[in-house]
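The values are calculated or read from the model by the stated rules, or taken from the named source; none is laboratory data. Everything quoted here is computed from the prediction, not taken from an experiment. Cβ placement follows ideal geometry from the backbone for every residue including glycine, while neighbour counts extend to all protein chains displayed. When the accessible area is computed, the model is the full protein with side chains, heavy atoms only, and any ligands, DNA or RNA have been set aside. Shrake-Rupley method; radii C 1.70, N 1.55, O 1.52, S 1.80 Å.
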Amino acid sequence: GYVLLLPFLLFLLFKLKSVAETTSTALNRPLATGILIWMLLGVVLLAGSPQVVRLVFVLTAMLVATVVLVNFLPTRMRRGVMVFAGVAIVHEVFQGQPIVEPAPRVAYAIIDAALIVLAWLSRHEGIKRAFIDWGAPRALINGAVNAVVLALSIALIANVAGYVVLGKHLTQGSIDSIAVFLILFAGFSSISEIIQIVLGLPALDNFRSIAANRYRLRRVLKQPLVWLSLILWAWASLIAFNVDDWVIGSVQSIFRAEVTLGDVTLSLRGIFVFLFAIWLAVWTSRMVRAVLNQDVLPRMELPRGVPNTISMTVHYSIIMIGLLLGVGFMGLDLSSLAFVVGPLGVGNGFGLQNEVNNFDSVLIHIFEAPIQVGDTVEVGTLMGRVTQIGIRTSRLRTYRVSEVIVPNGELVS
């Protein structure tokens with residue numbers, strides 16, 4: 001299946017290039033871009049392969065990524081990438097030879113010196129701009145460059161002083177880390193650009209949820225790709241320097257640490273999963289609601305007010321499911337929270353009567369629908385058109401073109 005994926009992916013890219021209305025950096029060389037994306041998708045499949053297979057895989061990916069990078073980077077940086085690719089190939093040639101021999105030691109010293117010069121030159125703002133514009137944090141890029149310069153300097157000094165194993169280890173780790181970063185940068189930049197091209201196709205104009213939110217979708221879909229590539233790069237860097245077991249063990253011990261408050265046991269991992277579940281539920285509900293409101297429900301013949309009822313029901317149902325799943329992933333026993341929920345319920349009954357009344361009123365708005373979006377209503381001295389019904393309040397646009405926020409309880413009463 002993985003082998004058959006390559007021709008299918010190349011067919012899609014060549015077809016996309018023929019129908020795209022704008023020029024694209026990723027589609028200038030669709031063959032190289034397709035091979036690179038195909039190889040990125042195969043990283044998980046080849047994780048347990050023999051060392052020789054992984055070595056050939058990484059070298060091939062580096063060569064293909066260099067071809068793709070030429071289109072994404074400024075002219076000054078292209079030469080540096082080409083030089084680094086040559087240095088990486090020379091390093092692979094001498095990697096299998098005994099490091100105690102004079103020729104490999106001299107070669108490693110030259111490699112370290114060349115990479116230090118390249119890393120120092122990459123501190124230029126114009127060179128870092130390509131990665132910053134891509135979405136990588138400036139502090140991360142500056143810290144990574146300084147770390148590479150420091151590691152290669154220590155490797156060069158260790159090699160000269162006779163600590164050849166340490167020098168080789170630091171050199172190999174630095175080269176592998178830089179190579180993986182460039183591969184991921186080229187691959188995920190291509191994927192991000194292809195997604196933007198697909199979102200801009202005229203065929204998607206029929207989907208209102210996409211046509212009206214193209215810019216937002218491009219931004220929302222690009223940022224996770226950037227962070228995914230940075231996480232993969234950090235993981236690969238830990239493996240390259242052979243400190244992954246120690247770092248992962250330390251992080252796991254921190255996340256597994258538990259704090260007991262009475263009958264409730266909390267852990268940092270549970271809290272993180274809970275927050276992620278809530279964020280994912282909110283994000284999913286917004287996406288689903290946008291599709292329902294702009295594409296699905298307007299195409300259906302439904303009575304007036306029913307589309308808004310369906311939309312709000314789906315929206316709050318997804319959030320409630322995410323909340324319950326988050327609590328479940330935290331490992332909390334809801335029965336153990338009874339001593340907290342009971343007093344809070346009594347307190348809410350006395351202190352938050354209006355808020356509870358407004359929340360109950362929105363349920364009446366949703367299912368009974370006495371007032372719907374678009375109705376003209378009169379509340380006291382206010383008269384206007386209902387533009388939004390929220391979970392606690394509703395919005396009225398008066399004929400003096402002002403927005404008035406009205407509690408749902410007042411509308412129902």
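Per residue, how much accessible area does the chain have with a 1.4 Å probe, in Å²?
58
Excluding Ile210 itself, what net charge comes from residues whose Cβ is under 13 Å from its Cβ, given Lys and Arg +1 and Asp and Glu -1?
Summing Lys/Arg as +1 and Asp/Glu as -1 gives +2.
Give the label of the value calculated from the structure for mean projected area of the Cα convex hull in nm², choosing from (1) 23.8; (2) 21.9; (3) 28.5.
Given (1) 23.8; (2) 21.9; (3) 28.5, the calculated one carries the label (3).
Which value in nm describes the separation of the simple spin-label points at Arg219 and Phe255, placed 7 Å from the Cα toward the beta carbon?
Label at Arg219, label at Phe255, 2.9 nm between them.
Return a whole-number percent for the relative contact order of the chain, with Cα pairs under 8 Å and 6 or more residues apart as the contact set.
Reported relative contact order: 10 percent.
Using Cα positions and a limit of under 26 Å, work out the lysines in reach of Lys222, with same-chain residues fewer than 8 apart set aside.
Lys15, Lys17, Lys128
Would you tally the net charge around Val386, using a Cβ to Cβ cut-off of less than 13 Å, leaving Val386 out, and scoring K and R as +1, D and E as -1?
Once positives and negatives cancel, what remains is 0.
Grab the beta carbon distance between Leu323 and Ala103, set R0 = 51 Å, and tell me the FRET efficiency rounded to 0.05.
0.20
Which percent of the accessible area of the range 221-281 is formed by carbon and sulfur heavy atoms (probe 1.4 angstrom)?
73
Distance between Cα centroids, the range 177-199 to the range 266-318: provide it in whole Å.
Centre-to-centre (Cα) distance: 30 Å.
Just subtract the alpha-carbon distance of Val52 and Arg400 from 0.36 nm times their residue separation and send over the number in nm, one decimal.
That works out to 117.8 nm of additional length.
Leaving out ligands, DNA and RNA, what percent of the accessible area of the range 73-152 is carbon and sulfur, probe 1.4 Å?
Taking all protein chains in place, the range 73-152 shows 71 percent carbon and sulfur surface.
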